[in-house]
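For reference, the structure discussed in these notes is given below.
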Amino acid sequence: MIDAPPQSPSRPARLRNPSHSAALPTSTVLQAQTDETQLDPSFSLLLSLPRELRDRVYTYALVSSTPFLWPTKAPESLPSKTRSINVSLLRTNKQVRNEAVDILYSQNKFLFTHPSDCNVFRVITSPASVNIQSVYFRIKDKDLGLWTPYLGSKSGERSLRGDLPKLRSLWVFLRWTMCPHFMSRILTEQHGGFVGPVGGVQGGATPYGVHVALQQQSQHVVNQLLTNTQIVGGAGGHAHATGNANQIPPPPPPAPAMPFPQFMQGALGLGGHAHHHHQVHPIPHAHGQHNHPPNPSPLAQHLQQGETNISVQQTPLAVSGVNGPDPHRLYSAFIRSNRFKLVVESLCLQLSDVLNPKITGPLERQSSSKSSTTTTTTTTDSTPSNPRTEIKIVCASTPGKRQVERLLSNFPDELVLDPVTQDARTRFRRMHGVEVSLEFNGLSSTHQEMVVAGEGTPWD
């Protein structure tokens, strides 16, 4: 039994007598060499790396700098400057797939052109698609009615909030069909009152002069009423009869209105109207004529002295666009448009309310849930809030190459030219918690033919 061979030899036994090696068949020698050099089939160089290095490999292989357009893809004729993404890595084995699928969905950007596309994509793809964090939406102005129920819904089904609960970045590219008349108004009236700031005063110095004149006239009427009330009301301590002590004197009549020509002269600066006040005669006392002079109160004396020495110094109102130039004239012109307010501003309010709702404070939560226990309230307050979603809206239009050149020359401080696409863009400005930018494409002037054909919609 000592000479019995082992049950599972690690390597073929070496022959003691080399002269007998020639007697062995050739196939036996080749099989012995193959068994000696065969590797373990479960061994993987990728899985032998640390998890941090494997994640870097997954990121390099599966993450693209450009968004994925679904359900269609970009034409093959367009030159691609980015490397291609191959998802065959996910088919290697189960461990690699479980580690890499989260990186595929969480670190890539996805582009959808219809509200149902995002919902269908979540249904037919892997459950790991719930980790999507960056999404682009391409919306046309005529299809905005289809997007509004999907974007503004707070339900858990067929809504942006329900399909993408981990969304951290949302870009909305809103394609406008701009009316040429609106663009011509911006280019021709850039120095007038049209592109003034939001809430500003349209026009130049004439509306401001009218405002000052109205303020002076109203102040003069108030001073007259206060003076007459103090003089007629007996503030100086007149002696009245006992029976008539509780009677209230009748109110003074209103001051006569200023003639319109005189008012306009004062408003336009052609002639001051402060020295042409109409004297309002005091009403005789209700208890007869008194022989002693009245003793007005200090307030009435001060008002009378102010009327005697009239030196009105009106402080100019702090209105942007009147006292100083508006640094965002082009952006302000679009904000003042009724269509911009109706569409873009309402979209900003809707997205901000759905994706970034206001977080109630501890006092509001305690008052709204008085029936809950103290332990539950403490746990709710200690829970960290979710990070806010970054929302950006780009309002893109195609006025034509010539119009874009005019915009760049008229508004050089607001527009930035893209050297690759030759598009002019404004910087992002915050509106109701959403970053909004304007983009003007200079590819062609086909939008004018669309407006003539009835496909375009004017702004105002």
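The values are calculated or read from the model by the stated rules, or taken from the named source; none is laboratory data. This one's a predicted model, so the numbers in the text were calculated from it and none came from an experiment. As a convention, Cβ positions derive from the backbone with ideal geometry for all residues, glycine included, and neighbour counts pool all protein chains shown.
Values computed for the structure shown
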| read-out | value |
| --- | --- |
| Residue check, P180 within 20 Å of the chain's Cα centre (by Cα), within 30 Å of R402 (Cβ to Cβ) and at pLDDT below 90 | no |
| Residue in segment 198-213 that is surrounded by 17 or more Cβ atoms within 10 Å (Cβ to Cβ), over 22 Å from H328 (Cβ atoms), in contact with a His (Cβ under 9 Å, 6 or more places away or on another chain) and modelled with pLDDT of 70 or more present | no |
| From R83, R97, residue being basic (K, R), outside any loop (DSSP other than H, G, I, E, B) and at pLDDT below 95 | R97 |
| Residue count for segment 135-157, restricted to those that are free of Cβ contacts under 8 Å to residues at least 40 places away in the same chain and over 15 Å from Q350 (Cβ atoms) | 6 |
| Members of segment 412-428 found to be in a strand (DSSP E or B) and either surrounded by fewer than 18 Cβ atoms within 10 Å (Cβ to Cβ) or not small (G, A, S) (or both), listed by number | L415, V416, L417, R425, T426 |
| The one condition in (1) in contact with a Phe, Trp or Tyr (Cβ under 9 Å, 6 or more places away or on another chain); (2) under 21 Å from L355 (Cα atoms) that G162 fails to fulfil | (1) |
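Rundown of residues vs (1) out of contact with any Gly (no Cβ under 9 Å at 6 or more places or on another chain); (2) modelled with pLDDT under 90; (3) part of a strand (DSSP E or B), yes/no style:
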| position | (1), (2), (3) |
| --- | --- |
| T379 | yes, yes, no |
| R430 | yes, no, yes |
| E435 | yes, no, yes |
| G442 | no, yes, no |
| V451 | yes, yes, no |
